[in-house]
């Protein structure tokens, strides 16, 4: 057995990612997993995106073939013959059942809704869960497994989540959140709901003791998480239960009224109710590697310029963000020739040049949407609309991307530069038109395609994994979403995440915006939004606001997962990035130099500097103080040509009317 720890894991990771990986790697830790015990003592944990079965006494864990990953929060049925779990898609979570009898996995959710936190009724015939099936946020619902009929059981303003049945099936505990207040709620059979505990800091993961005498829950304080308990006496008593560990946000699981298990410090912890100490219940998970992987190298690529205008154009602004350093530079001329910036220098007279004085406006590098959706129904008229949002480069899976790029590079129908992406299953080796390759699936699918991933990386094409499980298997360089590389509540990354992360920080493609992103309603009322899609709306994709550790990951803006029309989607991501903890400047870099570096175009995109392409956004505001000002666009320079925002919108309207 290989059990990687500090120095050992560093060497092991080097072997794994450099192409001489051992056939098997054994992990004894996990990050942010949950644990649930069956009535016969077997344990289910969610690790590496799969569901693993651990013997009651600990030891070797065996993965079940769910057929859909990443899987989270497994819960045993009362008969221990079925497991219900959440499966994370790009958009949101859904509920699945795994049947041990035939090894089948079945989706039991309606595809359009966000379903999560399943719990079995002790009778085994129905489930309770939280869902956003109404406009009132998350509510609690029940599902009859035989008939597949479902019904709503809470009607409170705000979110009701994380339900748990008592052992006798008569009482229900759950979490209610309204604005910035969390409550542990109790519903006794035939009685009105009772507030057991309320806090302005988050409360989560309630669970019953089998005898119904108390309820445990997680308290999220500034100094970390703790397990507290509510003793159901008269009056109620609320006491700290277990403190001082790196707890994962998951309910405890009771083996009986005296013994419980909980995940913390990367392992499963076992404790007697009347004890002051806990012991580790060990597990071992074995991951298969691939000996044939080649070492990947990053290569710089050259961005072709199409139909660039003659002459010299000078953009004069009060201040600019060059995308490289910090803060503003003031009173400079941006000198442009043949579609590129040739100088950024102090103002002076420029005879023979076209000088556009933008007064007190702010100049920024053009926005890059690294992973976008590009619908076909708007036709060529979509180009000016996207450009009016400041989107000067877009990477998307689009069949006619090359011809569209050529058309949108000219002056008749301007639009963003279009760079082609493709799924690895359809990407043809040697295709020089590809700028991004995506890969989906699970850990096993990643291992199977590891050599193809290495081939693409060797020619400078980045690989974007849909989740960190397939990224781990494939050796992809980029991962989609805020939850791609999670850390524990204390910021620790245990063996599983160290294996995924390797020796350096991974590049995260954002995909963060959802229905609760601040400022989204105003964005959807913009003039361009009405032309793009009058019915555009964001869905709820996260229970809680995602938080990004900006210091540990390079973040690139990619809007496709949020499901909004392009252009709108990019600015929704700006808002979501700021809400996730990035500074305004870090958010702008995500659509600038970070995206350029990921494409191997570090000196050509995402900056206002000599040698860069002449893609500029001119805004009436202070985007370093308020990211929303990044949308207050007055004019755009694309491919060395100057366009007013109003002119672009009118051009799009005219083209749409003709079509």
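The values are calculated or read from the model by the stated rules, or taken from the named source; none is laboratory data. None of the values given here were measured: they were computed from a predicted structure. No Cβ is skipped: glycine too gets one built from the backbone with ideal geometry, and neighbour counts run over all protein chains shown.
Can you tell me which residue in segment 197-222 is surrounded by the fewest Cβ atoms within 10 Å (Cβ to Cβ), limited to those that are part of a loop (DSSP other than H, G, I, E, B) and under 25 Å from the mean Cα position of the chain (by Cα)? Filtering segment 197-222 for residues that are part of a loop (DSSP other than H, G, I, E, B) and under 25 Å from the mean Cα position of the chain (by Cα), the one surrounded by the fewest Cβ atoms within 10 Å (Cβ to Cβ) comes out as 222. Only one entry in 558, 581, 563 is at pLDDT 95 or above and assigned by TED's automatic domain parsing to the domain that holds residue 538, namely 558. Sort out which residues of segment 213-269 are in contact with a strand residue (DSSP E or B) (Cβ under 9 Å, 6 or more places away or on another chain) and on the phi > 0 side of the Ramachandran plot, and write them in order of number. Once the filter is applied, which keeps residues that are in contact with a strand residue (DSSP E or B) (Cβ under 9 Å, 6 or more places away or on another chain) and on the phi > 0 side of the Ramachandran plot, segment 213-269 yields 224, 244, 265.
Within segment 229-242, residues that are within 10 Å of residue 216 (Cβ to Cβ) sit with their Cβ atoms under 7 Å from residues that are modelled with pLDDT of 95 or more and not in a strand (DSSP E or B), at 6+ positions apart or across chains, in these pairs: 230/236.
Counting just the residues of segment 153-168 that are within 14 Å of residue 193 (Cβ to Cβ) and exposed (fewer than 14 other Cβ atoms within 10 Å of the Cβ), which one comes out nearest to the chain's Cα centre (by Cα)? Step by step, filter segment 153-168, then rank; the result is 157. Got at least one residue in segment 409-425 being assigned by TED's automatic domain parsing to the domain that holds residue 525, in contact with a helix residue (DSSP H, G or I) (Cβ under 7 Å, 6 or more places away or on another chain) and farther than 29 Å from residue 478 by Cα? Yes, that holds for at least one residue.
Whether a residue is at pLDDT below 95 and either touching a helix residue (DSSP H, G or I) at 6+ places or on another chain (Cβ under 7 Å) or not assigned by TED's automatic domain parsing to the domain that holds residue 444 (or both) was assessed, and residue 68 passes this test. Can you name the residue in segment 135-150 that is closer than 25 Å to residue 542 by Cβ and in contact with a strand residue (DSSP E or B) (Cβ under 7 Å, 6 or more places away or on another chain) and, of all such residues, is modelled with the lowest pLDDT? Looking at residues that are closer than 25 Å to residue 542 by Cβ and in contact with a strand residue (DSSP E or B) (Cβ under 7 Å, 6 or more places away or on another chain), I get 137.
Going by what's in this entry, would residue 531 be described as within 22 Å of residue 421 (Cα to Cα) and in contact (Cβ under 8 Å) with a residue 12 or more places away in the chain? Answer is no for this residue.
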